[in-house]
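Engineer: One structure is given below, represented as structure tokens, and several questions about it will come after.
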Amino acid sequence: MKYFFPNPLSQLNLFTCFALPNPAGYFLNPSLLKIFLLLAMVVVTTGKTAAETPDEMQIIHAWQLRDLYTRKQSVETDTMINSFQIHNPVFQRNISSSYLGNPGLAVMPDFFPDRDLYSDFFFIDHFNIYLHQPQETKYYNTRRPFSLIDFSTGGPRGKNTKILDMLHTQNVNPDFNVGFRYFNINSDGQYQHQEAVTNAISLFSSYELDNYQFHTNLNFNSARVFENGGLADDSSLYNREFDSEDHVVRLQNVRNGIRNNSFFIAQSWQPFLYSLNDTLPETDNSWLQRFEIYHVLFFDQYKRTYEDNNPRPDFYSEFLIDNTNTFDSLYYRSLTNKLMLELPEFSGRLVSFGAKAGIKNELIKGSYNILPDTTFIFAPGEIEPIDFTITDRRQSSRGSNALIASARGGLGDVFGIWGEASYFFQGFKSGDYDFQGGIGFDFFEGKNRSILETSIQQKEATPSMFLKSFSSNHFAWENEFRRIGQSSLIGSISMPERNFTASVNFNLINNYIYFDHTANPRQYNDIIPVVSASAKKDFSLGRFHSRSIINYQISGKQDILPLPDISVYHSTWFERELIAGILNMQIGFDAYYSTAYYGYAYQPAISQFYLQNERKLGNYPYLDVFINFKHKRTRFFFKAEHLNAGWSDPEYFTVLHYPRSELMFKLGVSWSFYN
């Protein structure tokens, strides 16, 4: 069946950059340039002996787990030259974001369908784009060991940027694959005190037999982020004699620290299906052989710290524990177990249908620091205490149980239907539910092939325990928030041969939670409608190519849920084979634009974007020019980012007081090989 079901998760393809500051004041670091050129020479030379052949294109197969982690969905391993110059993870996923301006710093998508409700540990929601997550892990089956390396480095001392992304995977035998991925950001940033260091390590493996499948991954994520609070005076950008590090910032020596470890297992077993290699006698092909049992285990652990050795009263409105030093720490961990049974799938010539159902258990535990409280212990009849305890942390443990189910089916090659549901019947999340389902049609053949999809989602979710109760040196709250509700209706069309996609989303959000102008959480106890539409189209005319993406959205409550009306991305490039079958070149430009709106401010003490009405943000175009090369399995890009900096008023803010980087030159290389 050629109809493909919707994929709710975007692929995360991380590329790298060579980041240099404004050339008017700085030059290429000669040592780093030599290292980069040496690496480029090595990979080009090696590439000459290993040209890709059609057979090698089939060496590697990659997939992710979908449908409650029970179904494999094939994904591509990206080695294309198109869009290779978009190296920043922020812009690989979204064409417009509220972004603090340096890789590794907090980011939030501007397009509402790309946002999620606050997670149970929402303090790191705006850093997840840089971290390895179990739900986004790719698994592989390879006929040869496969490695992919993306590397960049550059910039003068004090503004150096290094980004490294490494993948290696290989099969131990035809059924058993192991691999690892390592991602690192080490970026000083252009402005003072905005350094970011991120490390993400993922170990993954899969084991597949005829009647048993096993997937696992182990992730270690850490981030150390320096927070500068933004510019003390935004108008200082108008001083053309200032270099970026000359601008005064609001905070110094302030750090956010994040640690996350996770462990994931998904396994399935068909107890009545004998392996082809099994010596036991095989029974007849009855429906029992298609009976399948699934088990999923997911353990997640977080620690977040916030340090300010000299907290300033002009930045923080409250000091609740210590007015000379801030050290806030939070801990959170969760354990989820799912057990599901799949009824034997019915599969005929025209009709197919399968369903699975089961139970899910969640256990969560969290803690945070509070104002120290002393409890005195007295002996009977005594007036003097014999002992005392000091409590400086609050801890909470909770559990929930849910029923889960999913189903999907199809009619020949032209119709598909799917659905997933969960309902919490006991515990902290009792009453929460999430239902989503959709249908799809696959029409026509050849260039006019069209895939129409319609899906709906209805859910209610209990807010995070930290949104209800929280305390730190600068923020404290106790809230009785209601469950958050969201109803969505989504329609989309895709024409693969014509490189065109479009979608329309209708959302109703009930009891929406946001952070107000003081950066405290509030709940809007009514419905907010949000309508959004998106379209993407690629054009080609001879050797000239272009790609356009436009997002349009309307928020029914702009003062509570502010969104830019329109965001646009456009790229045009000229492409030519310099050496037939060996060396390809692209040269072109990328342009980004969003309309003005009262965007967000950012509070580093809780890592949250919050409302502001001080000034409108946006209505500023960003222009990049690039040249890409692909030499067999090696790719290079050379790029001038934000080329138009200085051409007009410096209004390049996407978050209040946080400017985007000025003109930067970037270089990157990617190398894939088999051995």
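The values are calculated or read from the model by the stated rules, or taken from the named source; none is laboratory data. Because the structure is predicted, anything quoted here is derived from the model rather than measured. Please note: Cβ atoms are built from the backbone with ideal geometry, for glycine as well, and neighbour counts cover all protein chains shown. Just so you know, the surface numbers come from the protein's heavy atoms only, side chains and all, with ligands and any DNA or RNA stripped out. Shrake-Rupley method; radii C 1.70, N 1.55, O 1.52, S 1.80 Å.
Engineer: Can you pull out the residues in segment 460-484 that are more than 27 Å from LEU320 (Cα to Cα), part of a strand (DSSP E or B) and of a type outside the set (Gly, Ala, Ser)?
Structural biologist: If the condition is that a residue be more than 27 Å from LEU320 (Cα to Cα), part of a strand (DSSP E or B) and of a type outside the set (Gly, Ala, Ser), then GLU460, ILE484 are the ones that fit.
Residue-wise test of (1) touching a Lys or Arg at 6+ places or on another chain (Cβ under 6 Å); (2) open to solvent by 50 Å² or more (accessible area, probe 1.4 Å); (3) in a loop (DSSP other than H, G, I, E, B); (4) at pLDDT below 95.
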{"position": "PHE204", "(1), (2), (3), (4)": "no, no, no, no"}
{"position": "HIS215", "(1), (2), (3), (4)": "no, no, no, no"}
{"position": "LEU218", "(1), (2), (3), (4)": "no, yes, no, no"}
{"position": "ASN221", "(1), (2), (3), (4)": "no, no, no, no"}
{"position": "GLU241", "(1), (2), (3), (4)": "no, yes, yes, yes"}
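Engineer: Sticking with this structure for a sec: What's the total number of residues in segment 171-183 that are surrounded by fewer than 18 Cβ atoms within 10 Å (Cβ to Cβ) and in a strand (DSSP E or B)?
Structural biologist: Here the count works out to 6.
Engineer: Here is a follow-up. Write out, first by first residue and then by second, each pair whose Cβ atoms fall under 7 Å of each other, whose residues are 6+ apart or on separate chains, and whose first residue, in segment 650-661, is under 15 Å from TYR593 (Cα atoms) and in contact (Cβ under 8 Å) with a residue 60 or more places away in the chain while the second is of a type in the set (S, T, N, Q) and in a loop (DSSP other than H, G, I, E, B).
Structural biologist: none
Engineer: Which is more than 15 Å from LEU467 (Cα to Cα) and touching a Pro at 6+ places or on another chain (Cβ under 8 Å), of PHE515, PHE500, PHE506?
Structural biologist: PHE506
Engineer: Considering only segment 554-577, how many residues are surrounded by fewer than 14 Cβ atoms within 10 Å (Cβ to Cβ), over 26 Å from the mean Cα position of the chain (by Cα) and in contact (Cβ under 8 Å) with a residue 24 or more places away in the chain?
Structural biologist: 3
Engineer: Looking for something open to solvent by 50 Å² or more (accessible area, probe 1.4 Å) and more than 30 Å from GLU307 (Cβ to Cβ) - is there at least one such residue anywhere in segment 470-482?
Structural biologist: Looking for residues that are open to solvent by 50 Å² or more (accessible area, probe 1.4 Å) and more than 30 Å from GLU307 (Cβ to Cβ), one finds at least one in segment 470-482, hence yes.
Engineer: Is one or more of the residues making up segment 489-501 within 30 Å of GLN603 (Cβ to Cβ) and without any contact (Cβ under 8 Å) to a residue 40 or more places away in the chain?
Structural biologist: Within segment 489-501, not a single residue is within 30 Å of GLN603 (Cβ to Cβ) and without any contact (Cβ under 8 Å) to a residue 40 or more places away in the chain.
Engineer: Does segment 438-454 include one or more residues that are closer than 16 Å to VAL504 by Cα and either touching a His at 6+ places or on another chain (Cβ under 9 Å) or without any contact (Cβ under 8 Å) to a residue 40 or more places away in the chain (or both)?
Structural biologist: Checked segment 438-454: at least one residue is closer than 16 Å to VAL504 by Cα and either touching a His at 6+ places or on another chain (Cβ under 9 Å) or without any contact (Cβ under 8 Å) to a residue 40 or more places away in the chain (or both).
Engineer: Would you confirm, using the coordinates I've provided, whether PHE441 is closer than 18 Å to ASN337 by Cβ, more than 28 Å from the chain's Cα centre (by Cα) and either in a strand (DSSP E or B) or at pLDDT below 95 (or both)?
Structural biologist: no
Engineer: Give the residues of segment 578-618 that are open to solvent by less than 40 Å² (accessible area, probe 1.4 Å), of a type in the set (Ser, Thr, Tyr) and free of Cβ contacts under 8 Å to residues at least 60 places away in the same chain, sorted by residue number.
Structural biologist: THR595, TYR597
Engineer: Please name all residue pairs, on different chains or six or more residues apart, with Cβ atoms under 7 Å, provided the first residue is in segment 523-540 and is within 30 Å of THR572 (Cα to Cα) and the second residue is open to solvent by less than 50 Å² (accessible area, probe 1.4 Å) and of a type in the set (Phe, Trp, Tyr).
Structural biologist: Qualifying pairs under 7 Å: SER532/PHE111; SER532/PHE112.
Engineer: Looking only at segment 315-345, how many residues end up being without any contact (Cβ under 8 Å) to a residue 24 or more places away in the chain and either assigned to a strand (DSSP E or B) or open to solvent by 60 Å² or more (accessible area, probe 1.4 Å) (or both)?
Structural biologist: 2
Engineer: Could you please find all residues in segment 619-630 being open to solvent by less than 20 Å² (accessible area, probe 1.4 Å) and over 22 Å from ILE566 (Cβ atoms)?
Structural biologist: Of everything in segment 619-630, those that are open to solvent by less than 20 Å² (accessible area, probe 1.4 Å) and over 22 Å from ILE566 (Cβ atoms) turn out to be PHE626, ASN628.
Engineer: Can you go through SER487, SER503, SER532 and tell me which one is in a strand (DSSP E or B) and either open to solvent by less than 30 Å² (accessible area, probe 1.4 Å) or out of contact with any strand residue (DSSP E or B) (no Cβ under 8 Å at 6 or more places or on another chain) (or both)?
Structural biologist: SER532
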